[in-house]
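Beneath this line is the structure, given in structure tokens, with notes to follow.
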Amino acid sequence: MKVAGVTFIRNAEKFAYPIKEAILSILPICDELVVAVGKSEDKTLEIIQHIDSDKIQIIQTVWDDNIRTGGQVLAIETNKALDAVSNDIDWCFYIQADEAIHEKYLSNVRKAMQDNLNNKNIDGLLFHYKHFWGNYDYIGNSRKWYRKEVRIIRNNKKIRSYKDAQGFRKNNLKLNVKQVDAYIYHYGWVRPPEKLQLKNLEANKLWHSDDWISKNVPKGSEFDFSNIDSLEKFDGTHPEAMAKLISTINWHFNPPPNRLGTKERISRWIEKLTNYRLGEYKNYNLSK
């Protein structure tokens, strides 16, 4: 069984993406790792080049900044990386630039890939998620956050990144997937407030016009972390690949009081009892 890591990045330094840490977190179970590095305004290419591993294959790309609908350019860049994966690879482990996996889950992930290697009815593996907010000590726990997403797919060129690169489709149909007992840690909302404000402004350009952004994106030099409905304290450990970064830039954060409405409270009660989330978006078919 052979595994390729797959990711893409642009302006990692400018927007404080932990891309090096994301790569290092999956590297131990990868035979190769393809990074699509978009033309950047900073030292992103050098950051990737300085990762000490002969598994890493860099492809240099240019993002089409004229595409400003639905985050489509993110899927386009993901597909560029997928297309560069070697033909003898069985599975592709996709990690985004603000994600990481804890090393304690890697054996579970490898076993799930091995167990399903010859089951051609299974297109990929589904992961649980933890979404961090504010700093590395708190996670979002309301229904606004997606609970699961596909992060391992077969090396099949018919499988394409879907919409804004959150998931995948094969021939425009949902993938058949198995749940793996592992979490992806999502750090997209944890970075210095001034960096997150810059990133938020830039990211909105992938979905909206300048006019929409000027009317809807809050002004200011720092991101407002108080605009969140519900958080809980994280009492676990972070991936080893994130340890150095967290030790150098974790900052104090005062979480705002939870402000869940009645509908949200009822939905959470139902979910706690049944593990069923009302109205949950699922871009996959879960196989038992």
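Each value in this text was obtained by applying a stated rule to the coordinates, not by laboratory testing. Quick caveat: nothing in here was measured; it's all calculated off a predicted structure. All Cβ positions, glycine included, derive from the backbone under ideal geometry; neighbour counts span all protein chains shown.
How about K157: which aspartates and glutamates have a C-alpha closer than 20 Å to its C-alpha, ignoring those fewer than 8 places off in the same chain?
D31, E32, E77, D83, D88, D90, D123, E149
Mind checking the alpha-carbon convex hull of the chain and giving the volume per residue in Å³?
Measuring per residue, one finds 143 Å³ for the Cα hull of the chain.
Within 13 Å, Cβ to Cβ, of H102, how many net charges do the neighbouring residues add up to if Lys/Arg are +1 and Asp/Glu are -1? Don't jump to the answer; show the numbers that get you there.
Details: positive: K104, K130; negative: E21, E99, E103, D181, E240.
Charge balance near H102 sits at -3.
Within region 81-183, list the trypsin sites (Lys or Arg not before Pro) lying in a DSSP loop whose Cβ has at most 12 other Cβ atoms in a 10 Å radius.
Loop-located and lightly packed - K120, K144, K157, K158.
Using only the alpha-carbon atoms, what does region 117-249 span along each of its principal axes? Please give whole angstrom values in decreasing order.
So the three principal-axis extents are 52, 41, 27 Å.
Can you tell me which of 60-68, 189-197, 2-10, 31-39 comes out highest on packing, and rank the rest after it, using the mean Cβ neighbours within 10 Å?
Going by the mean number of other Cβ atoms within 10 Å, highest first, we get 2-10, 31-39, 189-197, 60-68.
What is the set of long-range amide H partners of Y138 at a cut-off below 5 Å, with H atoms built 1.01 Å from backbone N?
Here the answer is W133, F234, since their amide H atoms fall under 5 Å of that of Y138.
Please report Rg (one decimal) and Dmax (integer) in Å for the Cα set of region 1-113.
When restricted to the Cα atoms of region 1-113, Rg and Dmax are 13.8, 42 Å.
Can you work out ³J(HN,Hα) from phi for every residue in region 136-143, in order, using Karplus 6.51 cos²θ - 1.76 cosθ + 1.60 and θ = phi - 60°, giving whole Hz and x for Gly and Pro?
7, 9, 9, 10, x, 10, 9, 6
Using unit Cβ charges (K, R positive; D, E negative) and no other charged atoms, how large, in debye to the nearest 20, is the dipole of the chain about its Cα centre?
1260
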